[in-house]
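Below is one structure; the comments refer to it alone.
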Amino acid sequence: KAGSGGGGGGDGGGVDAVIADILERLPPQFGMITLDEKAEPLMESEHQPYVLVAVQECGRMNLLLGEIAISLDELQKGRAGQLNMTQKMEDLSSALSINQVPGRNPFHKASWEKFAWPSMKALATWYPDAILRCEALEKWTEKITLPFSLWIPGLFNPTSFLTAVKQVTARLKKLPLDNMSTETHITKMMSKDEAVAYPEDGAFVHGLYIEGARWQDPDEAAAFEEDVAGTMCAGILTDSRPRELLCEMPVMYIKAVVIQSTWVPESVGYIRPESHLYNCPVYSTTFRGPTFIFVATLKTKAAASKWISAGVALAFQTDG
């Protein structure tokens, strides 16, 4: 969880204002008892793995929201003289004063990061992002039905969602889960609102960015259209434009597939040997490294070695 926060006011009054602002905008915690009651009848449905992901995500979010509320409440009391200031409070105050997510500094005792997701954003952009994640979960858990297109970067544990995609398909087709993997197709849909149904054997996801290359624009992509199990997909990888570091990807179709004997099992997943595919690593942040999530399969006309040399990867979020 690397990266550093930007600048900010260092005066004490500034910290009090930051605390008040964060607490004022802090979303309420999810009612887990009500959520479990809502989830109970859905546990027998074919979407049960997705229901579990939604419930687990809300539990993780509650831990983070609880830590933010308790630590800020303690700090307020410490600054008002009602409690003795501890090292943890001092560290929290220090992080807030420089617009840094608490816990970004590995030597600090106060940490929100250990309850959160890998991120390189400064506090001023990290916190609105956290609120957006709460809103996305709120919407998902209204009826606990999977959105037609899921904002996968908004999850604490995206790998559990990818496993759920494989589980749902494996159960439906009575296939062993160990024989399943995922492949990715890039749809013609540029916005999540265009997804109005679930695709076959998988799910639509949105909100990913590509670094080192770009996906073709709709007019360029028209030459490479194909129908994948009833979903129209289009486009191939192409060179990025000058000064465009991260380009947003269209809606992606994550499809569960049976592993073929020609695929190479690696520690990161199955590597596909087809010449028209680039096995593209997907990371949580542009820091890459430890934030690896899975391998996406992207169509290419150029040799895959070109994209490997360019370090092409997908990222869940921008740094800013």
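Structure notes:
- Residue in segment 49-60 that is aromatic (Phe, Trp, Tyr), in a helix (DSSP H, G or I), within 28 Å of Pro147 (Cα to Cα) and open to solvent by less than 20 Å² (accessible area, probe 1.4 Å) present: yes
- Where Pro102 falls short, out of the listed (1) buried (at least 19 other Cβ atoms within 10 Å of the Cβ); (2) under 30 Å from Lys173 (Cβ atoms); (3) not hydrophobic (A, V, I, L, M, F, W, C): (2)
- Residue list for segment 217-241, restricted to those being in a loop (DSSP other than H, G, I, E, B) and open to solvent by 60 Å² or more (accessible area, probe 1.4 Å): Gly230, Asp239, Arg241
- For segment 242-266, filtering for residues that are open to solvent by 30 Å² or more (accessible area, probe 1.4 Å), assigned to a loop (DSSP other than H, G, I, E, B) and either more than 17 Å from Val312 (Cα to Cα) or in contact with a strand residue (DSSP E or B) (Cβ under 6 Å, 6 or more places away or on another chain) (or both) leaves 4.
- Residue among Gly269, Gly207, Gly212 that alone is of a type in the set (Gly, Ala, Ser) and farther than 18 Å from Phe316 by Cα: Gly269
- Complete set of residues in segment 22-46 that are in contact (Cβ under 8 Å) with a residue 24 or more places away in the chain, open to solvent by less than 100 Å² (accessible area, probe 1.4 Å) and part of a helix (DSSP H, G or I): Ile22, Leu23, Met32, Leu35, Lys38, Ala39, Leu42
- Close contacts from segment 57-82, counting a first residue that is touching a residue at least 40 places away in the same chain (Cβ under 8 Å) and under 19 Å from Ser94 (Cα atoms) and a second that is basic (Lys, Arg) and surrounded by 16 or more Cβ atoms within 10 Å (Cβ to Cβ), with Cβ to Cβ under 8 Å and a gap of 6+ residues or different chains, come to Ser71/Lys88.
- Pairs where the first residue, in segment 178-203, is open to solvent by 30 Å² or more (accessible area, probe 1.4 Å) and the second is basic (Lys, Arg), C-beta under 9 Å, 6+ apart: Glu194/Lys188; Glu200/Lys255
- The residue of segment 267-305 that is nearest to Ala222 (Cα to Cα), among those that are open to solvent by 30 Å² or more (accessible area, probe 1.4 Å) and in a strand (DSSP E or B), is Lys299.
- Cβ-Cβ under 6 Å pairs, at least 6 apart or on other chains, segment 94-106 side on the phi > 0 side of the Ramachandran plot, far side in a loop (DSSP other than H, G, I, E, B) and at pLDDT below 95: Asn99/Gly5; Asn99/Gly6; Asn99/Gly8
The values are calculated or read from the model by the stated rules, or taken from the named source; none is laboratory data. Here the structure is a predicted model, which means the values were calculated and not measured. Here Cβ is always computed from backbone atoms with ideal geometry, including for glycine, and neighbour counts include all displayed protein chains. Heads up: the accessible areas ignore ligands, DNA and RNA and are worked out on the full protein's heavy atoms, side chains in. Shrake-Rupley method; radii C 1.70, N 1.55, O 1.52, S 1.80 Å.
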